[in-house]
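> Quick one: structure below, then a few questions.
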Amino acid sequence: MDAVSNTFSSLLNTAAKSPLAFIDREIFLRKNLKKYCPEDQIQTAVSSGTIEAKIPVTILDSIANAVINLETAKVTALSTAAGIPGGLAMVIAIPVDLAQFYVFIIRVAQELAYLYGWDDLFSENAKTASIDGDNLDVKTETELTLFIGVMSGVSAATKVVSKLFGEVTMKTVAKKVASQALTKTWYYPIVKKIGKLFGVRIVKSTFGQGVSKAVPIIGGLVSGGLTLTTFKTMASRLQKHLSNLARMSPEEYDEYQASITIKEEDIKFDEPIDVEALPVDTNYWVCICETKNKGRFCTSCGKEKPAGLPQYKCDKCGWEPPDKTQPPKFCILCGDIFDENDIVLG
């Protein structure tokens, strides 16, 4: 394999060696579902997935939004550090900021996948390899590449994940999916080309133009930190896609996946997104059940909006704290003090 083809694989494997990269599926699901579901439903979610457990997608969406906010806050806070302890400094060819960014991309990809019914993305071999500092196995690297492809706007990755959704999460249509030759090897050549596509972009951007344009498509790595909107945009793209799939009935999904065709021209990036031009919606309040709402009552649990509860967004750089009602004293991105000028919703 040539150097370009190896670039994305090296980056992915470097990031995966961080002790922060791995998410324990059972622990994650139990922790995030315990406020919403009885034990028997949680157990079904752990053993067979959240779709099989018949957990309402509105609840999964609410948890997903909270997860995205939390991971965004973490990666933003850590982006100014020299690096994450562990394997990140081992491969000098991969800039630390870029590898660090992908640690959190890998984390949020796992978390969103598990919320919407996926099995473990890290195989048992991959879990051991991560601990021992070895490279990922083909299955784990392939599935992570697909999810990162969806986050980065690669059409082919989105279509492959759409086709795999029935096989992995909607057990009721698994036989139909299997009958259409959805084996675990049919998409390997596609993923290999997607990885090469990432590699070309990283070589051109990271090593040719500097870290500031290193993230595929969006270009969100900035000297000394990450723009909050970049990570959030990528995570939200995956969340929206998985949520849309989860809302389909087995019959709707079967019709949908049968209509999907993957062509050579699908292995490309969507048009670049101008992060700075993206509108940031701040006109909402967050219920104690972690649902974002714009009306007087919570759409998930029915609780009334608390009176006189201000919510904050930095008026200098746009950073939002994970809990918008309890900002830190200073903005973690630009250092500006939080005061009445930063209130966006009273």
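The values are calculated or read from the model by the stated rules, or taken from the named source; none is laboratory data. Being a predicted model, the structure only gives us computed values, none of them experimental. Here Cβ is always computed from backbone atoms with ideal geometry, including for glycine, and neighbour counts include all displayed protein chains.
> I need the full set of residues from the range 31-58 which are more than 19 Å from residue 167 (Cβ to Cβ), in a loop (DSSP other than H, G, I, E, B) and of a type in the set (Val, Ile, Thr), in order please.
55, the sole residue that qualifies.
> Can you find a residue that is crowded, with 20+ Cβ neighbours inside 10 Å, modelled with pLDDT of 90 or more and either touching a strand residue (DSSP E or B) at 6+ places or on another chain (Cβ under 9 Å) or assigned to a helix (DSSP H, G or I) (or both) anywhere in the range 92-101?
Looking for residues that are crowded, with 20+ Cβ neighbours inside 10 Å, modelled with pLDDT of 90 or more and either touching a strand residue (DSSP E or B) at 6+ places or on another chain (Cβ under 9 Å) or assigned to a helix (DSSP H, G or I) (or both), one finds none in the range 92-101, hence no.
> From 228, 242, grab the single residue that is modelled with pLDDT of 85 or more, surrounded by 13 or more Cβ atoms within 10 Å (Cβ to Cβ) and touching a Gly at 6+ places or on another chain (Cβ under 9 Å).
So the residue among 228, 242 that is modelled with pLDDT of 85 or more, surrounded by 13 or more Cβ atoms within 10 Å (Cβ to Cβ) and touching a Gly at 6+ places or on another chain (Cβ under 9 Å) is 242.
> Inside the range 1-21, can you point out the residues that are of a type in the set (A, V, I, L, M, F, W, C) and either closer than 26 Å to residue 170 by Cβ or outside any loop (DSSP other than H, G, I, E, B) (or both)?
Hits for the range 1-21 are 3, 4, 8, 11, 12, 15, 16.
> Restricting attention to the range 27-37, does a residue exist that is in contact (Cβ under 8 Å) with a residue 12 or more places away in the chain, touching a strand residue (DSSP E or B) at 6+ places or on another chain (Cβ under 7 Å), surrounded by 16 or more Cβ atoms within 10 Å (Cβ to Cβ) and under 17 Å from residue 109 (Cβ atoms)?
No, every residue in the range 27-37 fails to be in contact (Cβ under 8 Å) with a residue 12 or more places away in the chain, touching a strand residue (DSSP E or B) at 6+ places or on another chain (Cβ under 7 Å), surrounded by 16 or more Cβ atoms within 10 Å (Cβ to Cβ) and under 17 Å from residue 109 (Cβ atoms).
> Can you find a residue in the range 69-76 that is among the β-branched types (Val, Ile, Thr), touching a Gly at 6+ places or on another chain (Cβ under 9 Å) and not in a helix (DSSP H, G or I)?
no
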